[in-house]
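Participant: Just passing along the structure, written as structure tokens.
The values are calculated or read from the model by the stated rules, or taken from the named source; none is laboratory data. Because the structure is predicted, anything quoted here is derived from the model rather than measured. Reconstructed Cβ throughout: ideal geometry from the backbone, glycine too, with neighbour counts over all protein chains shown. These area figures cover heavy atoms from the full protein model, side chains too; ligands, DNA and RNA do not enter into them. Shrake-Rupley method; radii C 1.70, N 1.55, O 1.52, S 1.80 Å.
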Amino acid sequence: SRQVEAFIYDVWNAMYTFANSLRKEDWVAVIGYDMRPTILCDFSQDRRELEQALRRFSIPVSDDSNLSDALIDALDRTEEIEGKVAIILLSTGLDTFSRHTYDDALKKCKEANASVYSISLGQYFRLRMEAAGYQPSIDLLMADNRLRSFSEFTGGAAYYPRFQSELPSIFNNVSKLLRSQYSIAYASTNTARDGKFRKIRVDVKTPLTDAKGKPLKLKVITRKGYIAGGK
């Protein structure tokens, strides 16, 4: 939407560089959204087709940004895909007129098999407001929290670049995360399939130390939990 018009070319360059860093056997789809989500490129291994789809983002057509609807649609489209699935969500985090609520989208994230990596494009507006002497609006603060929740509950990560120059390193980090994931299974002692959300916490201990000989503290990125008896 027009909310990201000021730095769309920086976003495009970062996205295209990321896409070209993927393995040849990886499949990629591109979905744009304003009032409704639109498939610009269905799952393909053809990077030329992907480039053409990304170029269509150069002309914003609407002020609307129905984030919850778009995310639920993307998660619906990926729920039957086997293997490692990731959604790269570039968004301000703002939502204008979605039919689905934030709670609907969060519930979908808890059930999803895809990891959501959110990249906020809202910090640009925050910097402009601060430079003009204004306090950040509550909408932007809520937008940040919205993106963070989507990522945390799906085992992804959220990024909040303050400058466009940070985008390439963020995409590079996402690419590395996608290459270093592990699948861990366990059987819960609670056998009730009651549809409730069960929290998960994973801790890692390592004999590795830093330069001063102190134990390294590793940060583990995992899903927050799962729906018992759900998908």
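Participant: Can you tell me which of Lys205, Lys107, Lys176 moves the most in a GNM of the chain? Springs connect C-alpha atoms under 10 Å apart.
Facilitator: Lys205
Participant: Relative contact order for the stretch 21-118: what percent, with Cα pairs under 8 Å and sequence separation of 6 or more?
Facilitator: On the way: 130 pairs, mean separation 25.7, N = 98.
RCO, the stretch 21-118: 26 percent.
Participant: Quick one: net charge around Asn190, please, counting Lys, Arg +1 and Asp, Glu -1 for every other residue with C-beta under 12 Å from its C-beta. List each step's numbers first, then the result.
Facilitator: Working: positive: Arg193, Lys196, Arg198, Lys199; negative: Asp194.
Neighbourhood net charge equals +3.
Participant: Measuring from centroid to centroid over Cα atoms, what is the spacing of the stretch 176-231 and the stretch 32-55 in Å?
Facilitator: 33 Å
Participant: Any chance you could run the full-extension gain for Glu80 through Asn173? It's 0.36 nm times the residue separation minus the Cα-Cα distance, nm to one decimal. Walk me through the numbers on the way to the answer.
Facilitator: Working: separation 93, 0.36 × 93 = 33.48 nm, distance 2.64 nm.
30.8 nm is the gain from fully extending Glu80 to Asn173.
Participant: For Lys196, list long-range residues whose amide hydrogen, built 1.01 Å from N in the peptide plane, is under 5 Å from its own amide hydrogen.
Facilitator: Here the answer is Ala228, since their amide H atoms fall under 5 Å of that of Lys196.
Participant: Would you tell me the accessible area of Glu79, worked out with a 1.4 angstrom probe on the heavy atoms of the protein chains, in Å² to the nearest 10?
Facilitator: About 60 Å², rounded to the nearest 10.
Participant: In addition: Considering amide H positions built from the backbone, and no H for Pro or chain starts, which residues 5 or more places from Ile87, or on another chain, come under 5 Å of its amide H?
Facilitator: Ser115, Val116, Tyr117
Participant: From the square roots a ≥ b ≥ c of the eigenvalues of the alpha-carbon gyration tensor of the stretch 28-104, which class results: rounded (a/c under 1.5), prolate (a/b over b/c), or oblate?
Facilitator: On the way: a/c = 2.50, a/b = 1.19, b/c = 2.10.
In terms of gyration-tensor shape, oblate.
Participant: A further question on this structure: Once the piece of chain linking Leu127 and Glu51 is laid out straight, how much longer is it, given 0.36 nm per residue of separation minus the C-alpha distance between them?
Facilitator: Numbers: separation 76, 0.36 × 76 = 27.36 nm, distance 3.02 nm.
Between Leu127 and Glu51, full extension yields an extra 24.3 nm.
Participant: Okay, next question. Let me know the Kirkwood hydrodynamic radius for the chain, please, with Cα pairs as the basis and the value in Å to one decimal. All intermediate terms of the calculation are to be shown ahead of the outcome.
Facilitator: Values: mean 1/r = 0.0523 Å⁻¹.
Hydrodynamic radius (Kirkwood, Cα only) of the chain equals 19.1 Å.
Participant: Run the simple label-point estimate for Lys196 and Phe163 please: 7 Å along Cα→C-beta, distance reported in nm.
Facilitator: In this crude label model, Lys196 to Phe163 measures out at 4.9 nm.
Participant: Hey, can you list the DSSP H helices of the chain whose Cα span along the axis is 24 Å or longer and whose average Kyte-Doolittle score is at least -0.5?
Facilitator: None clear 24 Å together with a mean of -0.5.
Participant: Multiplying the sequence separation of Glu25 and Ile184 by 0.36 nm and subtracting their Cα-Cα distance, what value in nm do you get?
Facilitator: Working: separation 159, 0.36 × 159 = 57.24 nm, distance 2.39 nm.
My answer for the length gained is 54.8 nm.
Participant: Still on this structure, please answer the following. Report the FRET efficiency, 1/(1 + (r/R0)^6), for Lys219 and Thr38, where r is their Cβ-Cβ distance and R0 is 41 Å, rounded to 0.05.
Facilitator: Numbers: r = 36 Å, r/R0 = 0.88.
Working from the Cβ atoms, E equals 0.70.
Participant: What percent do you get for the relative contact order of the chain when only Cα pairs under 8 Å and 6+ apart count?
Facilitator: 18 percent
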